[in-house]
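Remarks on the structure that follows.
The values are calculated or read from the model by the stated rules, or taken from the named source; none is laboratory data. Note that the coordinates shown come from a computational prediction; the quantities given were computed from them, not determined experimentally. Positions of Cβ are backbone-derived with ideal geometry, glycine not excepted, and every protein chain shown enters the neighbour counts.
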Amino acid sequence: MKPAALAALSIALIATQACIAGPLEDAVARMAELNQMVQAQNERLTQLEAKLQNQGLFGMLNQIEALKAEVARLRGAQEELAYRQESADKRTKDLFFDLDERIKEIANRPPPPPVDAIRLQSSQSLIVSPLMQKTDTESETTAYEIAHSLIKAGKYREAIVAFQKFVDQYPSGPLAANALYWIGISQVTGMSNFKAAAESYIRLLEEYPNSPKVPDALLSLARAQIQMEEKELAQATLNRLLTNYASSKAAENGKKLIATLN
């Protein structure tokens, strides 16, 4: 081949390579740029994931700490309630023991002298001193409060026994009717014995008809009769309450109760 032809051919090849190399280098450069962008996005995504994980763990730790604090508070409240209950039980036992001791003391007292012997005594010796009257009143009040404290402590069976002893000891006292009323309440609340409760209320109505506790006893008696399916008796009891004690608080509740029977 002639030198001139070879030179022309070389120039053509060089031009062709230049044309091909230009786009190829651009593509390679673009690929490298895209790879860098993808790598940067991956790194950013990794950072975001790590950040979210840290925030989630931190939130969980905060929740755990809050739960621990709440559990500690509840345990403290439980321990405090247990202590109060234990103290209340101890006070109740002490009061009940004191009541038994007082009752034993009264039971062991010598019997009163015969009527004939009393007649022979002077009128002055028969006068009861105010101090003795005060002592008896304080003893009666203390015995009643001891029995009533058993109800507050939820010891209904013990309260029934204590109030029955109280009524036997102070049948003519101003609190005897109240004691019978609370006996009935304890029989209903603690034992669901509506029959026994009704008997206690009826005894109150018969033995203490002038007691301020009569309206409450009538209302409670009607409720017990309803529980025993004695609706006619309950109706009559409520009518008696509304007729004789219309202005009492018990009568207001009696009106609501009697409406349920019609």
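In segment 176-193, of all residues being surrounded by fewer than 22 Cβ atoms within 10 Å (Cβ to Cβ) and hydrophobic (A, V, I, L, M, F, W, C), the one that is farthest from Y208 (Cα to Cα) corresponds to M191.
I'd like to know if segment 139-148 contains one or more residues that are under 21 Å from K249 (Cα atoms), in a helix (DSSP H, G or I), among the aromatic types (F, W, Y) and in contact (Cβ under 8 Å) with a residue 24 or more places away in the chain. Give the steps one after another, and end with the answer.
Taking segment 139-148 and keeping what is under 21 Å from K249 (Cα atoms), we get none.
The answer is no, given that none of the residues of segment 139-148 is under 21 Å from K249 (Cα atoms), in a helix (DSSP H, G or I), among the aromatic types (F, W, Y) and in contact (Cβ under 8 Å) with a residue 24 or more places away in the chain.
Within segment 233-248, is there a residue that is buried (at least 16 other Cβ atoms within 10 Å of the Cβ) and assigned to a loop (DSSP other than H, G, I, E, B)? Within segment 233-248, one or more residues are buried (at least 16 other Cβ atoms within 10 Å of the Cβ) and assigned to a loop (DSSP other than H, G, I, E, B). The residues of segment 180-194 that are within 20 Å of G254 (Cα to Cα) and either outside the structural domain of V167 (by TED's automatic domain parsing) or more than 24 Å from the chain's Cα centre (by Cα) (or both), listed by number, are Y181, F194.
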